[in-house]
Amino acid sequence: MLLTNLFRSTFAQKLMALVLLATLTTLGSLSSQAFAEVPTAVNDLITKQLKSARSDMDYQVVGEAPLAGFYEVQVVGGPMLYVSADGSHFFDGSLYQVRPGQFVNIRDVRLSEERRDLFASRGTSDMIIFKPKGPTKAIMNVFTDVDCGYCRKLHQEIPQLNAMGIEVRYLAYPRAGIPSESYDKIATAWCAKDQNDVLTRTKNGENIATAVCADNPVAEHFALGRQLGVTGTPAVILMDGTLIPGYQSAEDFAKMLGLSVAANN
């Protein structure tokens, strides 16, 4: 692979649940820590050094990392790197802040802020939306793939989610990439006259004739998902910026959102 997660470990994976809880409880304290402007000399040196090794990649120096002497550098279309100020060393993977009683994934907190701000201002005209019949009490933005078994399982629970007042807004994330058969299938749904019907029928396993239009938003959604930390499907982003990877039941989402499992009145 182009870049590997050199420091990913089973230890970090086992902390996932703890990190999610820590992220939700520390957003307020970390959101006030705004990035200082990156000095031009540091930006140019880091970019020059990275380019000298891999000139085929684009780098964006985001700001100082919460680690003395390091800067956060986003590889465009790739991972976040933590690079020394002189550009001579870097590591990728997750950076955790040690706090009393918890470990906080720094990038998850920053991405939560970005996701929250983006969905607060982003339009919905390019999404496929399943709305409750009654008032909307909560919103789920879901990056989905039609060939994903758990995406199909979640889709089967949309009537229950809608009944509880949860609006489901779909964005496309074909896990096989672009181009691929999965891309053709999901793009066909986005290009259909009745998008909701075709998406549902495709997720139910029906063979729908491929009809990919030139102006479909699937590639844009796929790139956006990667930017926001989506690595698999289903990936649910709540309006507060929280990313919930993988399948959860309708009842679980109701509990997360503080809603009653009873029907929406």
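Please specify each residue of segment 91-108 satisfying the condition of being of a type in the set (A, V, I, L, M, F, W, C), at pLDDT 85 or above and farther than 23 Å from G78 by Cβ.
V98, F103
Hand me the list of strands (runs of 3 or more DSSP E) wholly inside segment 73-158 holding 1 or more residues that are over 24 Å from S260 (Cα atoms) and charged (D, E, K, R). Please lay out each step first, then the result.
Details: elements: 80-84, 90-92, 96-99, 102-105, 128-130, 138-144.
Hits in segment 73-158: 90-92, 96-99.
Just checking, which of V62, V98 is surrounded by fewer than 17 Cβ atoms within 10 Å (Cβ to Cβ), in contact with a Lys or Arg (Cβ under 9 Å, 6 or more places away or on another chain) and of a type in the set (A, V, I, L, M)? Steps first, please.
On the way: V98 fails: in contact with a Lys or Arg (Cβ under 9 Å, 6 or more places away or on another chain).
Going through V62, V98 in turn, the sole match is V62.
Has segment 181-201 got any residue that is farther than 18 Å from I244 by Cβ, hydroxyl-bearing (S, T, Y), in a loop (DSSP other than H, G, I, E, B) and in the same structural domain as R226 (by TED's automatic domain parsing)?
Of segment 181-201, the ones farther than 18 Å from I244 by Cβ are 181-201.
Keeping just the survivors that are hydroxyl-bearing (S, T, Y) gives 182-183, 188, 200.
If we keep only those that are in a loop (DSSP other than H, G, I, E, B) as well, we get none.
The answer is no; no qualifying residue exists.
Results for (1) out of contact with any Pro (no Cβ under 9 Å at 6 or more places or on another chain); (2) closer than 21 Å to P135 by Cβ; (3) of a type in the set (S, T, N, Q), shown as yes or no for each residue.
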| site | (1), (2), (3) |
| --- | --- |
| N216 | yes, no, yes |
| A219 | yes, no, no |
| G232 | no, no, no |
| V236 | no, yes, no |
| T242 | yes, no, yes |
| Y247 | no, no, no |
| F253 | yes, yes, no |
| M256 | yes, yes, no |
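With respect to the numbered conditions (1) out of contact with any Cys (no Cβ under 6 Å at 6 or more places or on another chain); (2) surrounded by 14 or more Cβ atoms within 10 Å (Cβ to Cβ); (3) of a type outside the set (G, A, S), which one is the sole condition not fulfilled by T233?
Every condition holds for T233 apart from (1).
If N196 satisfies all but one of (1) surrounded by 18 or more Cβ atoms within 10 Å (Cβ to Cβ); (2) in contact with a strand residue (DSSP E or B) (Cβ under 7 Å, 6 or more places away or on another chain), what's the number of the condition it fails?
Answer for N196: the failing condition is (1).
When segment 226-253 is examined, which residues are found to be among the hydrophobic types (A, V, I, L, M, F, W, C) and either at pLDDT 95 or above or part of a loop (DSSP other than H, G, I, E, B) (or both)? I'd like the intermediate steps shown before the answer.
As a first pass, look at segment 226-253 and keep what is among the hydrophobic types (A, V, I, L, M, F, W, C): 228, 230, 235-239, 243-244, 250, 253.
Answer for segment 226-253, where residues must be among the hydrophobic types (A, V, I, L, M, F, W, C) and either at pLDDT 95 or above or part of a loop (DSSP other than H, G, I, E, B) (or both): L228, V230, A235, V236, I237, L238, M239, A250, F253.
Those residues that are among the hydroxyl-bearing types (S, T, Y) and within 19 Å of E220 (Cα to Cα), I need them from segment 176-203; list them, please. So that I can check it myself, show each step before the final result.
We begin by selecting, within segment 176-203, every residue among the hydroxyl-bearing types (S, T, Y); these are 180, 182-183, 188, 200, 202.
S180, S182, Y183, T188 - these are the residues of segment 176-203 that are among the hydroxyl-bearing types (S, T, Y) and within 19 Å of E220 (Cα to Cα).
The values are calculated or read from the model by the stated rules, or taken from the named source; none is laboratory data. Remember, predicted model here, so these are calculated numbers, not experimental data. A quick note on method: Cβ atoms are made from the backbone with ideal geometry, for glycine too, and the neighbour counts reach across all protein chains shown.
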